[in-house]
Amino acid sequence: RTAICLFTRNLRVHDNPVLRHAARADRVVPVFVFDEGVIRSDYMRPNRTAFLLDCLRDLKHALSELGAGLVVRTGNPAAEVTRLADEVDASEVHIAADVTGFAHAREDSLRKALDARDRTLVVHDAVVTAHAPGHLVPTGNDHFAVFSPYFRRWAETPLRRTVDVPESLRMPKVRVGKLPSRSELCPGETSPDIAKGGESRARELVDEWFDDGIAGYDSGNDDLAADATSRLSPYLHFGCLSPVELVERAGNSEPERAFVRQLAWRDFHHQVLAARPRAAQHDYRPRGDRWREDEESFRAWCEGRTGIPIVDAGMRQLAREGWMHNRTRMITSSFLTKTLGIDWRLGARYFLDLLVDGDIANNNMNWQWTAGTGTDTRPYRVLNPIRQAERYDPNGDYVRRYVPELKELPAKALHDPRRIDPEDLERLGYPAPLVDVDAANARFRAAKVGTSRVS
Ligand code: FAD
């Protein structure tokens with residue numbers, strides 16, 4: 001019996017039920033297909049592509065240590081995998097369940113193509129997330145719309161058991177194929193300081209995190225200058241790490257519980273998107289008013305020159321590292337959608353252009369959450385970026401790191417452009433603020449824009 005293990009967003013050998021189950025066959029063929037639809041789409045961006053290639057090189061190495069290799073194909077996944085199944089006469093193909101409309105369509109067409117040849121598609125749950133979307137549901141609905149009750153259920157439901165790395169793999173003779181280069185897949189510059197991808201790097205980071213980094217997580221995760229979060233998000237996005245394994249490894253201390261709660265947020269957004277794939281683009285809860293069109297302000301926001309230092313620091317961190325701290329993701333997205341009134345989809349698109357961890361579930365659902373069109377239970381809340389900066393970057397070191405033109409200014413003046421003499425701003429080469437934040441936020445509240453409940 002021969003089985004195919006189709007890798008998608010589970011690029012690891014540890015705790016990988018897809019690989020573990022496929023490896024029960026006499027022979028296994030690990031494969032990754034570069035989907036031509038994705039390659040042609042604007043989802044394929046330099047930062048994520050570079051990280052993905054790191055992951056695949058690392059996976060290929062891990063598989064060769066186990067006695068197999070990684071077959072690489074480019075094209076339509078259903079067609080490529082069916083052809084490969086014919087070639088090696090595989091009776092079954094194993095794949096991880098995933099949540100986007102795109103992933104559902106891929107799974108359906110693969111199942112149809114395999115069915116037609118009497119081959120079986122085996123879909124494994126709880127590989128991409130810790131708890132499978134759809135398994136935890138409230139009475140009368142197919143998903144949880146509010147986080148707190150979801151989290152209660154999530155925390156009391158036992159996880160699946162982690163699985164071992166197969167001891168060895170036997171792969172039949174088959175043309176392996178080469179990994180394409182980054183420029184073949186997606187030309188263009190990457191951000192200068194992106195993280196290195198791959199399961200090996202992820203496991204080093206996890207060890208450091210649990211040994212040391214996590215200790216102050218509950219109190220320090222919002223401290224922008226301390227940069228005290230795990231930075232594991234890109235590895236979770238590409239599945240270099242198993243969320244089940246992370247939850248299992250976390251103990252019961254306050255910081256560990258706080259960390260696990262964030263992993264539950266990740267599952268939460270995935271189960272919303274799985275139940276409502278349209279929420280990737282359509283407001284989850286309809287918003288009554290129209291968005292403002294303001295190309296100039298949008299460009300200033302993208303380029304980190306809004307004249308609001310904490311917003312600019314966040315946007316410049318994104319451009320430099322392909323990653324942004326969660327607190328500044330919240331500040332910059334609230335600023336775009338509520339203070340400036342610009343459509344969240346434009347912001348989400350720009351984030352996806354650069355984020356190495358960029359994924360539709362976490363990105364677009366978090367954008368909906370901050371825009372007040374999503375699952376936030378307080379959609380009228382609007383952040384004041386200046387007060388947020390004073391609270392979460394009290395010494396101004398985060399802003400100084402990313403907005404060096406302001407580095408000589410004392411913390412108080414640094415965060416609040418009203419305290420900086422306009423002539424000084426000009427001399428420092430830093431733009432005047434795009435808006436008066438207090439006035440714009442007051443307008444947002446007064447308009448009582450918001451949401452109506454989904455029926
Ligand atoms: P940690 O604080 O160490 O948290 C551990 C893990 O928990 C993260 O790696 C992540 O997988 C998960 N997590 C933490 N916070 C959230 C959250 N709010 N929602 C979902 N999962 C969470 N995260 C992404 O992975 N991809 C995205 O594209 C993305 N876009 C975002 C866009 C906006 C507007 C906002 C407000 C948040 C977004 N997030 C996204 C969530 C969060 O900002 C990042 O997961 C987090 O900053 C990653 O850093 P970390 O790994 O150090 O997180």
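Every read-out reported here was derived from the displayed coordinates using simple, explicitly stated rules and does not represent laboratory data. Computed from a prediction, not measured in an experiment: that's the story for all the values here. Here the Cβ positions follow ideal geometry from the backbone for every residue, glycine too, while neighbour counts run over all protein chains shown.
Quick notes
- Taking 0.36 nm per residue of separation and subtracting the current Cα-Cα distance, fully stretching the chain between Ala432 and Ala447 would add 2.8 nm.
- Tilt relative to the chain, helix 309-321 - C-alpha long axis, 0 to 90 degrees, to 10: 30
- In plain terms, the residue of Phe51, Phe444 with the fewest other Cβ atoms within 10 Å comes first and the most crowded comes last, giving Phe444, Phe51.
- Label-reachable residues, segment 213-255, where backbone N falls under 17 Å from a point 7 Å from Arg378's Cα toward its Cβ: 222
- Size descriptor, Kirkwood hydrodynamic radius, that averages inverse alpha-carbon separations across segment 174-226, Å: 15.0
- Extension gain, Asp125-Glu405: 0.36 nm per intervening residue step, less the Cα-Cα distance, totals 95.9 nm.
- Around Gly429: net Lys/Arg minus Asp/Glu count, Cβ-Cβ under 13 Å: -3
- Order of Ser148, Ser242, Ser297 - criterion: other Cβ atoms within 10 Å of each residue's Cβ, fewest first: Ser148, Ser297, Ser242
- Leading residue at positive end of dipole, segment 2-128 (Cβ point charges), from Ala116, Asn10, Val81: Asn10
- Ascending count of other beta-carbon atoms within 10 Å, so fewest first, for Leu19, Leu346, Leu114: Leu346, Leu114, Leu19
- Once Rg and the Kirkwood radius are both taken over the C-alpha atoms of segment 326-408, their ratio Rg/Rh works out to 1.00.
- In the chain, the longest principal axis of the Cα atoms and the axis of helix 437-447 are about 70 degrees apart.
- Restricting attention to the chain, lysine pairs at least eight places apart or on different chains and with alpha-carbon atoms under 26 angstrom apart total 6.
- Size of charge dipole - segment 2-128 - debye, nearest 20, with Cβ of Lys, Arg +1 and Asp, Glu -1, no other charges: 220
- Pair Asn326, Asp421: separation of 7 Å Cα→Cβ label points (nm): 4.2
- Angle of helix 199-211 to the longest C-alpha principal axis of the chain, folded into 0 to 90 degrees and rounded to 10: 60°.
- Using only the C-alpha atoms, the convex hull of the chain corresponds to 145 Å³ per residue.
- Extent along principal axes [Cα atoms of segment 2-128; Å; largest to smallest]: 37, 33, 28
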